[in-house]
Amino acid sequence: MKITSTEFVKSSFSEQDWPRTNLPEVAFLGRSNVGKSSLINSLLGVKGLARTSSTPGRTQALNFFLVNRRYHFVDLPGYGYARVPRAIRESWGEIVTTYLAKRESLVLLIQIVDSRHEPTKLDLQLREWLTSYAKPHLTVATKSDKLSQNELRKNIGRARASLGAQGEGEIVAYSAVTGHGRERVWRAIEEALTVSQSPN
Ligand code: GTP
Ligand code: MG
């Protein structure tokens, strides 16, 4: 995909605040600090568009980015960070599950896991929920630059087994540092955008 323009649209904390458009949306979801914002920047080839941080829990709203004036990328707040106050954890659930359940223009949900670790309980719960809602989704195992080829192969196999992913294409190893996996993720995004635009 050739990126001709990227633009931060807004941060939304509630449904009333979502951008009022029906542009197709690709949302990025995963544990706190797993690398969601870095993945967005890496896919778009723009440093610092989505704010990244080594402190978990950086992103606490839904952040909408307009790409090529044609679709949105949505950076969702990370889950599973125990040290955030309970009220925030609860509002996370509400903000994110409302978005996932209600946003009709959502065409693809990218779930991000850490390639170094086995998927967490929350990763698995989320996956189950997505499957039950029949949302089109793709899993990206990021930070692959931190592993040797062998370890990566082994870990992807393990993640595939525990997430119950079917077919080769379902878990893509990625590195925001080297760009490894970029083509494959874009292919999945393009496909989802095409499907969403076909009549019927
Ligand atoms: P929250 O918004 O807090 O939920 O975090 P996030 O999931 O958006 O993570 P973010 O992109 O801010 O990245 C967290 C940390 O991981 C940062 O220090 C990044 O530089 C680092 N990181 C992200 N992706 C990669 C990667 O592919 N390789 C390496 N080596 N580091 C990465
Ligand atoms: Mg973030």
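The values are calculated or read from the model by the stated rules, or taken from the named source; none is laboratory data. Owing to the predicted nature of the structure, the values given are computational and were not obtained by experimental measurement. As a convention, Cβ positions derive from the backbone with ideal geometry for all residues, glycine included, and neighbour counts pool all protein chains shown.
At a glance:
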read-out	value
Check on V113, of a type in the set (V, I, T), in contact with a Pro (Cβ under 9 Å, 6 or more places away or on another chain) and modelled with pLDDT under 85	no
Some residue of region 152-169 being under 15 Å from A192 (Cβ atoms) and either surrounded by 14 or more Cβ atoms within 10 Å (Cβ to Cβ) or of a type in the set (S, T, N, Q) (or both)	no
Pairs with Cβ under 8 Å, 6+ apart, first in region 59-70 and under 11 Å from F28 (Cβ atoms), second more than 13 Å from ligand 2 (Cβ to nearest atom) and part of a loop (DSSP other than H, G, I, E, B)	L62/F13; L62/W18
Identity of the residue in region 1-56, part of a loop (DSSP other than H, G, I, E, B) and β-branched (V, I, T), that ends up nearest to V140 (Cα to Cα)	V34
Residue within region 136-150 that is within 16 Å of ligand 2 (Cβ to nearest atom) and part of a loop (DSSP other than H, G, I, E, B) present	yes
Selection status of T98, among the β-branched types (V, I, T), at pLDDT 95 or above and surrounded by fewer than 16 Cβ atoms within 10 Å (Cβ to Cβ)	no
Within region 1-49, considering residues that are crowded, with 19+ Cβ neighbours inside 10 Å and among the small types (G, A, S), the one farthest from ligand 1 (Cβ to nearest atom)	A27
Any hit, region 129-140, residues being under 30 Å from S5 (Cα atoms), modelled with pLDDT of 95 or more and surrounded by 12 or more Cβ atoms within 10 Å (Cβ to Cβ)	yes
